[in-house]
Amino acid sequence: MEGLAVATETDLGYDAASDSIGRGACVVGAKSTSDAKTVRPLKEASILVVEDQSFVLDILERILRPKVGGLHGARSAEDAFYNLEKTPHLAHVAIVDYHLPGMNGARFIEKLRASKITALKTLPVVMMTGENNMDVYREAARLGIAAYLVKPVASATLTQALESALAGHKVPVPRIKGDPAAAVPSSLKRAAALPAREESSQVKEVIDAPAPPPELHDPIDFKA
C-alpha cells in the first residue's frame, strides 16, 4: 500500500509535501470542473457532517457554528443518505469520514454520484479521515471529492476546503500503472511508501460482509 504525501496547500495549490501526518494536512482541489458561477459564501452555506465519533462532531460544531449558515449531522452514511433523499437541499457541502459503521465514506459518495436526484449527484464532498494512504485517497478522488483532509485538521484548513468545495473544485486523481490519463500532483509524486496497516484486510472484510438493514435516524440537532 502506497503512502499519501501530505500537501500543505497555499492558494489552492500544492507547495509542500512530507511523509508525516500533521495539523492542517490536506490535498485540496485547485481547479473548478464547472463553468464560472457565483460562489455561495460559506456564511450562507449549509453543511452536513457524516461522522460517528461524538467528540469529533463536538469539535466540528465549535469550529463551524460561527462560520456557516446551517449545520447538520449524521452518525452513519445510511442516515446521511436517508435524510438527503428526504430533503435533497439539506446541505450545500458534506464533510464525510471514511470509516463509518455500515457503509464507508467512499461507498456513500459512490451512492450520491449514482443518485437520480441532481442535488445529491452533484453534492460537493470533503473527505476528512485519519487514513493517510494513497489507496483511500485515490478511491475518493475518482469519485470527485473537493478535498481530502487528514485528521487532525486545523480550523483554517477546514474553512479553505469548504470554500474550495463551494467553488466547485475537485482534487486530482493520482496515476497508477496502466492509467496514464490520471494526473499526479508533484506533492504526491514525492511521497514515500508507508508500511501497510495490519487492519486493512480486516476493514475490507467488514466492508464486504453483508449487513442487516440499518435503523435510520433524522439529522442530529446541534445546539443553537
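Read-outs throughout are calculated quantities, based only on the coordinates presented, and are distinct from any laboratory measurement. These numbers come from a predicted model, not from an experiment.
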Over 24 Å between alpha carbons, listed pairs K111/K170; K121/K151; K67/K116; K86/K151
K121/K151; K67/K116; K86/K151
Non-local residues with an amide H under 5 Å from the amide H of I47, with H modelled 1.01 Å from N and Pro and chain starts lacking one, are G70, L71, H72, H92
